[in-house]
Every structure is written in structure tokens, then in C-alpha cells.
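Please read the structure below before turning to the comments.
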Amino acid sequence: MGGFPAHSTLAEKGLPLGAEGAYDPPRDEPEQVSDEKVETVQSSSSGTIGRARNSSRGVSVMFDSSSRPHDDALTNSEAFLAAVSSCGVTLIEMHAQETGVPLSRATVTIEGVRRPPEPRFSAVTMTFELAGVTQAQADSLVETYRSR
């Protein structure tokens, strides 16, 4: 029997799956306490080629390959962009509430441009639409997002 079993835990040991012989067991050193927040998402085959099931905290969502999109799911690229724009909405809403700014609605539109065959975005633009606030308040809220 060669290779690693399907349930290999090398990733838990800080190694990429498929790495061989590089595991260095932990030493008897006190564990460092940190303020780091570790978030884990597990992606797995969905039974449809080009579509993955992504799960975290008991919530699952399907993402499609950008090269094989279906009408009922975001592509991987769209999900990446949605995570960034969603962060803009939630951060601005929470900051406005905490500082007493009368924000009534926030909409962030994000657009990513890719030039095949490169898989990376060559440009990303975000547009913030903030209702219920003055221009100065809107500028301040957007600057708070940009600085974090």
C-alpha cells in the first residue's frame, strides 16, 4: 500500500497533502497564546464536475469553476469578489452603528477584470453607495474600510 490514505491528516501537521517525509513532530515547548482567529472552510467534490461544495460552521454553499458556470451558483471568482464587497458592506454598517452615523443602506458593487489566459485579476474596482449620510460621512466611512 503506497501513498497516503484518503483521510490523510498531513495538512493538520502543517504540511500540504501529498508531502512526504517532512513532518517534524512537536517539541515539549509551551504553546504560544495568540489573538489569531482561525477560520476553516472545507471544499469537496459535489458529484458534478466543475462544482464544489464549500462548508464552514455548518453552512454549505456551492461554487462553480469559472470555466464551467451554471445558472444556480456563483463561480469561484464571483465568490471571491463577493467576499471582498460583502466585507465592505458589513464593516461600514457596523462602524456607522458604533459611531452614531445614520447610515440607512450600503451597497458595494465590485468588478474584477481578468485577461485570459492569466487566472489573476488585472484590475478590481469597487463602488460604494451609502444612503442616509452626508458626502463627508460617506467619505469617512469608505476611508475606514480602506484603512482596515
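Which FRET efficiency value, to the nearest 0.05, do you get for VAL61 and VAL113 by plugging their Cβ-Cβ distance into 1/(1 + (r/R0)^6) with R0 = 30 Å? Here the calculated transfer efficiency is 0.80. The Kirkwood radius of the range 55-146, taken over pairs of alpha-carbon atoms, gives through the Stokes-Einstein law at 10 °C and 1.306 mPa s a diffusion coefficient of 106 µm² s⁻¹.
From a point 7 Å beyond the Cα of VAL84 in the direction of its Cβ, which residues of the range 112-140 have a backbone N at a distance under 15 Å? Counting backbone N atoms under 15 Å from the label point, the list is 112-115, 119-128.
Model label points for THR134 and SER46, set 7 angstrom from Cα along the Cα-to-Cβ axis, are 4.7 nm apart. 3J(HN,Hα) couplings calculated from phi for the range 107-117 with the Karplus curve 6.51 cos²θ - 1.76 cosθ + 1.60 (θ = phi - 60°) are, in sequence order, 10, 10, 10, 10, 9, x, 10, 10, 10, x, x Hz; Gly and Pro show x. Amide H to amide H, with H built 1.01 Å from N, GLY132 comes under 5 Å of SER104, counting only residues 5 or more places away or on other chains. The length gained on full extension between ARG120 and ARG148, counted as 0.36 nm times the residue separation minus their Cα-Cα distance, comes to 7.8 nm.
In terms of the mean number of neighbouring beta-carbon atoms within 10 Å, the peptides 33-43, 131-141 order highest first as 131-141, 33-43. 3J(HN,Hα) along the range 46-51, derived from phi through the Karplus expression 6.51 cos²θ - 1.76 cosθ + 1.60 where θ = phi - 60°, amounts to 9, x, 10, 4, x, 10 Hz, with x in place of Gly and Pro.
Read the figures in this text as sums done on the coordinates, not as results from a lab. In this text, all values refer to a predicted model and were calculated from it rather than measured experimentally. When we count neighbours, we look across all protein chains shown, and the Cβ atoms used for this are built from the backbone with ideal geometry, even at glycine.
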